[in-house]
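Engineer: Input: one structure, supplied below.
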Amino acid sequence: MTNQQLWQAVLGELELNLSKANFTTWFKNTAVSCIEEAKVLISVPNTFTKAWLEKKYHQSILKSLQNFVGPQIKEVVYRVEMVKPQTQKMETATVSSSSRVAEPRNEECKKESVQNKFGLNPKYTFANFIIGKNNELAHAAAQAVANNPGKSTYNPLFIYGGVGLGKTHLLQAIGHSLLAADSNKKIIYITSEKFTNDYVQAIKGRTMERFKQNYRSADLLLIDDVQFMAAKDGTQQEFFHTFNDLHQSDKQIVMTSDRPPKAIPALEQRLISRFEWGMIADISQPDYETRIAILKAKCVEKELVLDSDIINYIASAIQNNIRELEGALNKIIAHQQFQHVTLGLDLIKNILLPQVALGRKSATPKQLINFVAEFYDLKLEELLGQSREKRLAFPRQIIMYLMRKELQSSYPAIGQELGGRDHTTAMHAFEKISNEIETSDRLKQEIEQIKQRLYSN
Ligand code: ADP
Ligand code: MG
């Protein structure tokens, strides 16, 4: 069991009791850097995070570490160091002396902080990617792009799908594959949030030329989670130009998102149409067989031996996404290795109980309304208000549909929740959306995505 696996397991536990926003804010770029008898060293990216973890989350972190390692753990020390040194060329200049990478203290630490050139995760390769019905099209398109980058039919490639379904994995696999064929290729992997940040920094620091030069000299530009592309600050305009430049010089662009281009609310029309130029492929939830195949492959990767009844149990209990499947395995590994026992099905059911319960938890109407508002980038007051504009009426109908279908609410209750509407309105909405789903793949996808978010939060 590596420190990384241990930390994954701990994070898996902490995540259950935190909001997603809090969790990402405080635990992004943290890691276990060393364990020295009773002491665990946690590396954190800055002093702010350090102070916050010490103040707010220390007890939970300690408890969880004890849970996995054993009661001998008495002390947790938080140390500011860069966990993942950013290796993209453009960034070296912006790393200030105060945030220099800390010297690793021993071999173990060194191993943990090694990162692949271009910031690609070494595990996210095609070889490690299991193909199922849910992702075969996206996988085939990704391979086509890796074999023939820049060919116009697949340029850009746009991959979309819900959380934890393998978008980042596939995106980076393209990068690895291209590098393996030609190590001189320049690959940029970046999230759209990071792109936005870089752009803002470049403006502040008057380094726009370097910014442009950097992005426009890429052979392969991989942009992750474009749904977070900021609407303001000229980011989209700059991205538009970068896009055109690369596309004209037959350089390959690949993007991922949690939804198709048209459904990204804050995206400019001209970018939407650019994104639709090439190939759009979706990844949906894996079916039972694919989940089994993924679990088996991950067990081999992690050198974990599990009976088939256990594998079958996990595959049927955890259905939402692949990250959760992996999380379940990490948890089992942590328990087995630190307690030096092989766990049977009953114990495993116990260990995974919080996760399974969470996966099945039912959302409240309020949560549902909030999610839909967030998904379509609408204000709550608008959504619950009286206006019948189409941009409001349609999401409202989706809410009514989901409240009925997923939460089994009564029609009068639905009308009530949605700003005191009549129950017949709710009935009508339910029928309308039920019918439209049959004929519109796009609507079906959108509703799937909303459901996924609803249950994965
Ligand atoms: P996303 O970017 O869609 O949220 P990720 O690419 O981060 O999801 O995938 C989540 C985890 O699941 C990663 O550890 C990834 O390796 C794993 N994973 C996803 N899809 C597959 C697959 N088809 N085969 C093997 N591992 C997968
Ligand atoms: Mg991702």
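The values are calculated or read from the model by the stated rules, or taken from the named source; none is laboratory data. Quick caveat, the model's predicted, so the values are computed rather than measured. Quick reminder, even Gly has a Cβ in these numbers, built from the backbone with ideal geometry, and neighbours come from all protein chains shown. Keep in mind that these areas ignore ligands, DNA and RNA; they rest on the heavy atoms of the full protein, side chains included. Shrake-Rupley method; radii C 1.70, N 1.55, O 1.52, S 1.80 Å.
Engineer: Of all residues in segment 60-79, which are surrounded by 16 or more Cβ atoms within 10 Å (Cβ to Cβ) and in a loop (DSSP other than H, G, I, E, B)?
Structural biologist: Within segment 60-79, just Ile73 meets the criteria.
Engineer: Filter segment 145-176 down to residues that are in contact (Cβ under 8 Å) with a residue 60 or more places away in the chain and within 11 Å of ligand 1 (Cβ to nearest atom), then give me how many there are.
Structural biologist: 12
Engineer: Restricting the first residue to segment 200-211 and requiring it to be open to solvent by less than 50 Å² (accessible area, probe 1.4 Å), which pairs with a second residue that is assigned to a loop (DSSP other than H, G, I, E, B) meet a Cβ separation below 7 Å and a spacing of at least six or different chains?
Structural biologist: As it stands, the answer is Val200/Asp233, since those pairs meet every condition given.
Engineer: I would also like to ask the following. Report the residue count in segment 306-335 for those that are free of Cβ contacts under 8 Å to residues at least 24 places away in the same chain and open to solvent by 20 Å² or more (accessible area, probe 1.4 Å).
Structural biologist: 2
Yes/no matrix, rows are residues, columns are (1) crowded, with 21+ Cβ neighbours inside 10 Å; (2) under 21 Å from Pro395 (Cα atoms):
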residue	(1), (2)
Asp225	no, no
Met229	yes, no
Phe240	no, no
Leu246	yes, no
Ala263	no, yes
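Engineer: So which of Gln355, Gln386, Gln367 is touching a residue at least 24 places away in the same chain (Cβ under 8 Å) and buried (at least 16 other Cβ atoms within 10 Å of the Cβ)?
Structural biologist: Selected residue: Gln355, the only one of Gln355, Gln386, Gln367 that is touching a residue at least 24 places away in the same chain (Cβ under 8 Å) and buried (at least 16 other Cβ atoms within 10 Å of the Cβ).
Engineer: Just the residues that are surrounded by fewer than 22 Cβ atoms within 10 Å (Cβ to Cβ) and either free of Cβ contacts under 8 Å to residues at least 40 places away in the same chain or within 16 Å of ligand 1 (Cβ to nearest atom) (or both), please, taken from segment 177-189.
Structural biologist: Ser177, Ala180, Ala181, Asp182, Ser183, Asn184, Lys185, Lys186
Engineer: Further question: Filtering segment 6-30 down to residues that are open to solvent by 30 Å² or more (accessible area, probe 1.4 Å) and assigned to a loop (DSSP other than H, G, I, E, B), which residue is nearest to Leu353 (Cα to Cα)?
Structural biologist: Going through the qualifying residues, I end up with Asn17.
Engineer: Tell me which residues, restricted to segment 214-272, are away from ligand 2 (no atom under 16 Å from the Cβ), in contact with a Lys or Arg (Cβ under 9 Å, 6 or more places away or on another chain) and of a type in the set (D, E, K, R).
Structural biologist: Across segment 214-272, the qualifying residues are Arg216, Asp219, Glu238, Asp245, Asp250, Lys251, Lys262.
Engineer: Moving on to the next point. Looking at (1) open to solvent by 40 Å² or more (accessible area, probe 1.4 Å); (2) within 24 Å of the chain's Cα centre (by Cα); (3) farther than 30 Å from Ile318 by Cα, which is the only condition Leu220 fails?
Structural biologist: It is condition (1) that Leu220 fails.
Engineer: Does segment 305-334 hold any residues that are closer than 24 Å to Lys451 by Cα, hydrophobic (A, V, I, L, M, F, W, C) and part of a helix (DSSP H, G or I), and which are they?
Structural biologist: Ile314, Ala315, Ala317, Ile322, Leu325, Ala328
Engineer: Any idea which of Tyr189, Tyr160 is within 14 Å of ligand 2 (Cβ to nearest atom) and touching a Gly at 6+ places or on another chain (Cβ under 6 Å)?
Structural biologist: Tyr189
Engineer: Further, regarding this structure: Which of the residues belonging to segment 405-436 are under 27 Å from Leu165 (Cβ atoms) and modelled with pLDDT of 90 or more?
Structural biologist: Matches in segment 405-436: Ile433, Ser434, Glu436.
Engineer: Would you confirm, using the coordinates I've provided, whether Phe275 is free of Cβ contacts under 8 Å to residues at least 40 places away in the same chain and within 27 Å of Ala373 (Cβ to Cβ)?
Structural biologist: It is false that Phe275 is free of Cβ contacts under 8 Å to residues at least 40 places away in the same chain and within 27 Å of Ala373 (Cβ to Cβ).
Engineer: Give me the residue from segment 128-144 that is in a helix (DSSP H, G or I) and farther than 20 Å from Asp258 by Cβ and, out of that set, farthest from ligand 1 (Cβ to nearest atom).
Structural biologist: Within segment 128-144, the match that is farthest from ligand 1 (Cβ to nearest atom) is Ala144.
Engineer: State which residue pairs qualify: first residue assigned to a loop (DSSP other than H, G, I, E, B) and inside segment 41-57, second residue among the β-branched types (Val, Ile, Thr) and open to solvent by less than 10 Å² (accessible area, probe 1.4 Å) in any location, beta carbons under 8 Å apart, and separation of 6 or more residues or different chains.
Structural biologist: So the pair list comes out empty.
Engineer: Take segment 150-168 and flag every residue that is open to solvent by less than 10 Å² (accessible area, probe 1.4 Å), hydrophobic (A, V, I, L, M, F, W, C) and assigned to a loop (DSSP other than H, G, I, E, B).
Structural biologist: Leu165
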